[in-house]
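So the structure is just underneath, and the comments pick up after that.
The values are calculated or read from the model by the stated rules, or taken from the named source; none is laboratory data. Given the structure is predicted, the values throughout are model-derived calculations rather than measurements. Please note: Cβ atoms are built from the backbone with ideal geometry, for glycine as well, and neighbour counts cover all protein chains shown. Accessible surface areas use protein heavy atoms only, side chains included; no ligands, DNA or RNA. Shrake-Rupley method; radii C 1.70, N 1.55, O 1.52, S 1.80 Å.
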Amino acid sequence: EGRRQADLLGRRLAAEHAGGAPIDAIYVTTLRRTRETAAPLARIVGIEPLVERDLREVHLGEWEGGAFRARVAAGDPIFERVSADERWDHIPGAEPLEDFDRRLREATARLVACHPDQRIVVVTHGGVIGHLLHQACGARRFAFGGAENASISEVVHVSGRQLVRRFNDTGHLTAA
């Protein structure tokens, strides 16, 4: 299913690229699933993805490696606190909110500086997507939680401002 979704995503973004919204760069994280998701698009448009380490998913400490989903499903009270306070760092050993926030701000600033007036694709993770959109528009930290796999969210950087253009667009997945 993931490969099918990545293929559909690649075709959708490649069609936008060919239709006048050119892609100048593709970024992935250090985690394999982002490289695999970006692969069909990279192949179609002929752009080699670059790795941006700082756009890796939030570090969940003791809840890494599948433990997060199991704890949430079990109704762990720590997750209730995470949700209520909108802070991942209530999880033992998780990345402090201030560090996560700074890491994403710095990565975004680097990418914007490297690609002025260009369009880039960043294949990243749900927690990162939600937090980047929070940073872009000042919404609650978890307001944009739940981005679907292979969905498209778009932030435009113009004259020092950030504009959220779309969130969780899955039209390419449902039309197939």
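In the chain, taking the dipole from charged Cβ atoms about the Cα centre, the farthest positive-side position among ILE91, GLY127, CYS114 is held by CYS114. Remark: spin-label model distance ALA143-ARG165 equals 2.0 nm, labels positioned 7 Å along the Cα→Cβ axis. The listed residues GLU62, GLU86 rank as GLU62, GLU86 when sorted by accessible area, largest first, using a 1.4 Å probe. Have a look at ASP76, ASP89, ASP99 and tell me which one the Gaussian network model of the chain (Cα, springs below 10 Å) gives the largest fluctuation. Looking only at ASP76, ASP89, ASP99, the biggest GNM fluctuation is shown by ASP76. Placing +1 on the Cβ of every Lys and Arg and -1 on the Cβ of every Asp and Glu, with no other charges, gives the chain a dipole of roughly 400 debye about its Cα centre.
Shape call for region 91-176 from the C-alpha gyration tensor, a ≥ b ≥ c root eigenvalues: rounded (a/c under 1.5), prolate (a/b greater than b/c) or oblate? Note, shape of region 91-176 comes out oblate. Between 0 and 90 degrees, the angle of helix 2-18 with respect to the longest Cα principal axis of the chain falls at about 40 degrees. Dipole orientation for region 22-85: of the candidates THR30, ILE47, PHE79, ILE47 has the Cα lying most toward the positive pole (charges on Cβ; Lys, Arg +1; Asp, Glu -1). Within the listed set ALA74, ALA38, ALA14, the residue fluctuating most in the Gaussian network model of the chain (springs between alpha-carbon atoms under 10 angstrom) is ALA74. The figure for GLU106 is an accessible area of roughly 90 square angstrom, using a 1.4 Å probe on the protein chains alone.
Considering only alpha-carbon pairs that sit under 8 angstrom and 6 or more positions apart, the relative contact order computed for region 1-64 is 37 percent.
Remark: accessible surface ordering of THR29, THR108 (largest first) is THR108, THR29, probe radius 1.4 Å. Take the alpha carbon gyration tensor of region 84-133, find the square roots of its eigenvalues, order them as a ≥ b ≥ c, and report rounded if a/c is under 1.5; if not, report prolate when a/b exceeds b/c, else oblate. Prolate is the answer for region 84-133, as a/c is 1.5 or above and a/b outweighs b/c. Remark: region 86-174 carries a charge dipole of roughly 240 debye about the Cα centre, counting +1 on each Lys and Arg Cβ and -1 on each Asp and Glu Cβ. Against the main long axis of the alpha-carbon atoms of the chain, helix 32-45 sits at an angle near 10°.
Once C-alpha pairs closer than 8 Å and six or more residues apart are averaged by separation and normalised to the residue number of region 1-144, the relative contact order reads 27 percent.
Seen from a random direction on average, the alpha-carbon convex hull of the chain projects onto 10.3 square nanometres. Carbon-plus-sulfur accessible fraction, the chain (probe radius 1.4 Å, protein heavy atoms only): 50%.
Is the C-alpha gyration tensor of region 1-48 telling us rounded, prolate or oblate? Criteria: a/c under 1.5 is rounded; beyond that, a/b larger than b/c is prolate, otherwise oblate. Cα axes put region 1-48 in the oblate bin.
Result for the chain in a Gaussian network model with C-alpha springs under 10 Å: among ALA84, ALA39, ALA150, the largest mean-square fluctuation is at ALA84.
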